[in-house]
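> Before anything else, here's the structure in question.
The values are calculated or read from the model by the stated rules, or taken from the named source; none is laboratory data. In this text the structure is predicted, and so the values were computed from the model without any measurement. So basically every Cβ, Gly included, is an ideal-geometry build from the backbone, and we count neighbours across all protein chains shown.
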Amino acid sequence: MRFDPKSGELLDPEEVPEPGADMSGIPEEESNHFGMPDVDFKLWARDAAELASELLGQKITTAGFRHKVMNGDAPLPIDDTEQWSQKDVMQWAAAEIAAAEATDSEENTEDAGKDPKPVHADVFDFYERTFRIYYELHDTTPNALQRERPILTWCEKWWLHRGVVGRLTAAWYAWEAAHAEGGSAISAWILEHADRHFDRIMAEDGPLRMCKSQHTDSLDVYPAEPVPESLRLPDTDEEGEAQ
């Protein structure tokens, strides 16, 4: 938008004097508005609001623009009139956009720095949906329990053994970190965390060494009874309040 500095009326593009044109009848302070390629014009409050709306991409009414001016959030009018410099409005809008982009960038950085939301609600959910799929095969050959070297021992109520719960919880935390990292991290987790915890849990002198009465003669997966609801963590909303 281009406006005549005297009348405030919109100038047709053809009527805007070219740089270097004869400016003899126009005071020097006003001729500067026309004598440079980056022409600047005076805008009435309504026009300043329209220009601000166009630049910021949001509707700003004349009253709203004046309110911003009164609060020091927009440029002051020039010459104590109801007119604003187009250049001042454009510079102010550019600063507003830059500030908004900087704020968005900071928020995105903060969000990126936050730990991702866990995939599993608790260690029991981790066992049921993830951990057990890596170790589901069990010795089902005849007379396996009568061998001189006993087979691995498992308990259907594994969640009653503190040593097992502790190791599975540690494996769960490591899995969440590996899942968030992606790539080969899960493979490294299996070899460096899961296998080691599993071997220790199932060792002859491990936390299940005295638990033998709950096992059947043949198992093809490690069974588990339903976990009592009293052991599960309550569901929480996004603000961490229990539902």
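> Name the residue that is farthest from K59 (Cα to Cα), counting only residues in the range 76-100 that are in a loop (DSSP other than H, G, I, E, B) and modelled with pLDDT of 80 or more.
Only one residue fits best here, namely I78.
> Among the candidates T103, T109, single out the residue that is in the same structural domain as I60 (by TED's automatic domain parsing), loosely packed, with under 15 Cβ neighbours inside 10 Å and at pLDDT below 75.
Going through T103, T109 in turn, just one is in the same structural domain as I60 (by TED's automatic domain parsing), loosely packed, with under 15 Cβ neighbours inside 10 Å and at pLDDT below 75: T109.
> Tell me which residues, restricted to the range 114-131, are exposed (fewer than 14 other Cβ atoms within 10 Å of the Cβ) and either outside any helix (DSSP H, G or I) or at pLDDT 95 or above (or both).
K114, D115, P116, K117
> Identify all residues within the range 205-243 that are within 17 Å of Y135 (Cβ to Cβ) and modelled with pLDDT of 80 or more; write none if there are none.
G206, P207, L208
> Please identify the pairs in which a residue from the range 61-81 that is at negative phi has its Cβ atom under 8 Å from the Cβ atom of a residue that is among the acidic types (D, E) and assigned to a loop (DSSP other than H, G, I, E, B), counting only partners at least 6 apart or on another chain.
none
> Might you check whether a residue that is buried (at least 16 other Cβ atoms within 10 Å of the Cβ), more than 34 Å from the chain's Cα centre (by Cα) and at pLDDT below 80 occurs anywhere in the range 59-75?
Among the residues of the range 59-75, not one is buried (at least 16 other Cβ atoms within 10 Å of the Cβ), more than 34 Å from the chain's Cα centre (by Cα) and at pLDDT below 80, which makes the answer no.
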